[in-house]
Each structure stands twice: as structure tokens, then as C-alpha cells.
Amino acid sequence: MTKTLLAEFTARQGAEDEVARLIRDYALKVREEEGNLAFDVYTKATAPRAYWIFEVYRDEDAFKAHLNAPYGAPFNAALTPLIEEDASVLTFLEAIDRT
């Protein structure tokens, strides 16, 4: 069963360019992970400092591998002082059967 989540955070005023650079570089790495199926980065149309990242992993093991990737901790350490929240807000999602 896939592991799907939405990560949300808001770039601090004045940190927009650095946050955009960090998330672009990070997205390239995450998308290369064997178990990653999607890592789509969005900003809110009416509030471009608000980021929404839609993530899908093949399964729980793939998600755990993502969490343990060597570039994850440095990314979060660099991102945290640049966002309004204490950390990214994670919402885990479950698909509704369409049949």
C-alpha cells in the first residue's frame, strides 16, 4: 500500500528565494529515490510563500528509506530557520476507492 502525504510550510518574508532554491534541489534528490512515486511542489496561487508538497512513496519501507536518506536532515536543518512554522506540517492521506 502506498504512503501518501501532504507537507506544508510557509517561507518567511525575505527568505522566499532561498526556500525555493532549497526545495528545488531537495526535490531532485527525492525524485531519484527508488521508492518515490511523486514529489510535487506547489505554492498557493494567492499566497506564494505557502508551500504544499504532495508526496507518494511505494510503501511504508520506501517512506522509511526516504526519512533516513542522508540529505534529509541537512535539508530540514537549512529549511527550519527560513519558515514560519517550527517544522513542515505533515498530513498523511488515504485514497478513497473509486470503484
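The values are calculated or read from the model by the stated rules, or taken from the named source; none is laboratory data. On a predicted model such as this, the values are computed, not experimentally measured, just so you know. When we count neighbours, we look across all protein chains shown, and the Cβ atoms used for this are built from the backbone with ideal geometry, even at glycine. Ligands, DNA and RNA are stripped out before the accessible areas are found, and what is left, the full protein with its side chains, is counted by its heavy atoms. Shrake-Rupley method; radii C 1.70, N 1.55, O 1.52, S 1.80 Å.
Distance between Cα centroids, region 39-55 to region 68-99: provide it in whole Å. So the separation of the two Cα centres works out to 12 Å.
Within 14 Å, Cβ to Cβ, of Lys64, how many net charges do the neighbouring residues add up to if Lys/Arg are +1 and Asp/Glu are -1? All intermediate terms of the calculation are to be shown ahead of the outcome.
Details: positive: Lys3, Arg58; negative: Glu33, Glu34, Glu55, Asp59, Glu60, Asp61.
Its environment carries a net charge of -4.
Charge tally for Met1 (other residues, Cβ to Cβ under 13 Å; Lys, Arg +1; Asp, Glu -1): -3. Farthest towards the positive end of the charge dipole of the chain, among the residues Leu37, Thr2, Ala62, is the Cα of Leu37, using unit charges on the Cβ of Lys, Arg, Asp and Glu. In this structure, Arg58 and Ser88 have a Cβ-Cβ separation that, at R0 = 25 Å, corresponds to a calculated FRET efficiency of about 0.75.
Using 0.36 nm per residue and subtracting the Cα-Cα separation, the extra length available between Ala77 and Thr2 on full extension is 24.3 nm. Rounded to the nearest 10 degrees, the inclination of helix 16-31 to the longest alpha-carbon principal axis of the chain is 20 degrees.
Ligands, DNA and RNA are left out, and with a 1.4 angstrom probe the accessible area of region 3-93 is 59 Å² per residue. Think of region 3-93 as having a plus end and a minus end, set by charges on the Cβ of Lys, Arg, Asp and Glu; of Pro74, Ala11, Pro48, Pro48 sits farthest toward the positive end of this dipole.
Average projected area of the Cα convex hull of region 3-93, in nm²?
Working: hull surface 22.0 nm².
Spelled out: convex hull of the Cα atoms, projected over all directions, averaged, 5.5 nm².
Each Lys and Arg Cβ is given +1 and each Asp and Glu Cβ -1; about its Cα centre, the chain then shows a dipole of about 200 debye.
Roll a 1.4 angstrom probe over the protein heavy atoms and tell me the percent of accessible area of the chain that is carbon or sulfur. The C+S portion of the solvent-accessible surface of the chain is 54 percent.
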